[in-house]
Structure formats: C-alpha cells, structure tokens
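All remarks here apply to the structure that follows.
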Amino acid sequence: MARYPDDVVQFIARHFHRNDITKAYALLREADFKTPRVLRAVLYLSNGSVSALRHYIAACQQDLRQVLIEAECVVGVAETPMPVRDMSLPLTHPRNVGDIDGTTHDVTRRTASKRIEHFHLHLLRLAFTLGKVQYRVAAVQRHPRWVRCYRTENNVVSSVRLPLAFVMEQVAEQIDLTVAS
C-alpha cells in the first residue's frame, strides 16, 4: 500500500507520541498490508503504542481473522462475536470511534472524561450474569458509549468492552437513580 488513507495519517498523528510516529510508519511499511481494512484494524488495536503495533502486525501473520474479530467485534457477550465496528470504513467514521476518541482537541477529551465519570457512577461495580459467565462493571470508564467490565468464567478474569446500551439493559433493575437530600 503506497499511500495511506487520510484517516490513517490523522490517526497516527493523533494517537502516537511524536517520537514514535516514524517508528510506526516504518513498521507499517515493513508489514505492507494489502487492504486498508487490515491496516485500520492493526492501528485501532495498537491505540498509539509501538509495542502493541508490533504485536498486532505479528498476529496478522499468524491469524488475520482473529485480529479482525478483535478490532471489529465484542467477544464474550454472546456465543458468536458481536460486530460493533467496520474497519473497511474510515477510523473517524462514527461506527468506528469506539474507545478511541475521534476528536482532535485535548481540551475536548478532558471535558468529555469528566462527563463520562459522572455518567458511569450509576453503573459502578454492578454485576450481571449471562449463562455461566459473570460480568462486573469496572470502576474506571473512558468512553460514554462503552462500558469496561470484568468478565469471569471458570476462575479466569479478563477485561472486555461492552456497548453501553447492552450493559444498561442487563443491569437496568439494579440502577439506583435516587438523589439523597
């Protein structure tokens, strides 16, 4: 891929540290992705980390399908992965914003994070069960449309991001919206 799409260039400039941008481009040139979809998936998963970028580039060579599933789906909510993003669309497309904020100003990010903390206080540490898997809402949240939860199955705990609407549906009866006077 000779020229990178504009959304990819913007993503790299916005999410990688200025000292790591050259390294990121060098890694991407070496990998020489055949489609923008795979390129976007790897960048999305790396979230500005050069070591994570190396990891996902290597993972593409072993199991490309798994990398695309991880970038485009929420795993562990249902029997099959639940699609929530489409990496064939630009990273700035509303469907792909997910955990990575598409805004360009740091001030906007700080303002948004205060709103997020206040909003997610109602969900703090609530739990729900789906089959044999238990989910507990994490104390720290970073995005208004996603909820980070701890997933426990057979004594194995992992962190997952779930759509806010899905979590709200699961814990609706547990949420206390009363205000102490």
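A short reminder: the numbers here are calculations on the coordinates, not readings from a lab. Since this is a predicted model, take the numbers as computed values, not measurements. FYI the Cβ positions are ideal-geometry reconstructions off the backbone, even for glycines, and counts take in every protein chain you see.
Once both labels are positioned 7 Å from their Cα atoms along Cα-to-Cβ, the gap between THR152 and SER51 label points is 2.9 nm. Along the axis of the charge dipole computed for the stretch 6-96 (Cβ charges of +1 for Lys and Arg, -1 for Asp and Glu, origin at the Cα centre), the listed residues ALA59, VAL84, HIS15 are led at the positive end by HIS15.
Let me know the charge dipole size of the stretch 115-174 about its Cα centre in debye, to the nearest 20, where only the beta-carbon of Lys, Arg (+1) and Asp, Glu (-1) is charged.
Details: 9 positive and 4 negative charges, 46 e Å.
Once rounded to the nearest 20, the dipole reads 220 debye.
For GLU30, put the label point 7 Å out on the Cα→Cβ axis and report which residues of the stretch 52-88 keep their amide N under 13 Å from it. The answer is 52-59.
What does the charge dipole of the stretch 13-60 about its Cα centre add up to, to the nearest 20 debye, if the Cβ of each Lys and Arg holds +1 and the Cβ of each Asp and Glu holds -1?
Roughly 140 debye for the stretch 13-60.
Residues whose amide H lies under 5 Å from that of ARG142, counting only those 5 or more places away or on a different chain, are ARG148; hydrogens are built 1.01 Å from N in the peptide plane. With a Förster radius of 25 Å applied to the beta-carbon distance between HIS93 and ILE175, the computed FRET efficiency rounds to 0.25. Note on ASP20, ASP86: ascending count of other Cβ atoms within 10 Å places them as ASP86, ASP20, the fewest first.
Rounded to the nearest Hz, the phi-derived 3J(HN,Hα) couplings of the stretch 145-157 under the Karplus curve 6.51 cos²θ - 1.76 cosθ + 1.60 (θ = phi - 60°) are 9, 10, 10, 7, 10, 9, 9, 10, 9, 6, 6, 10, 10, where x marks glycine and proline.
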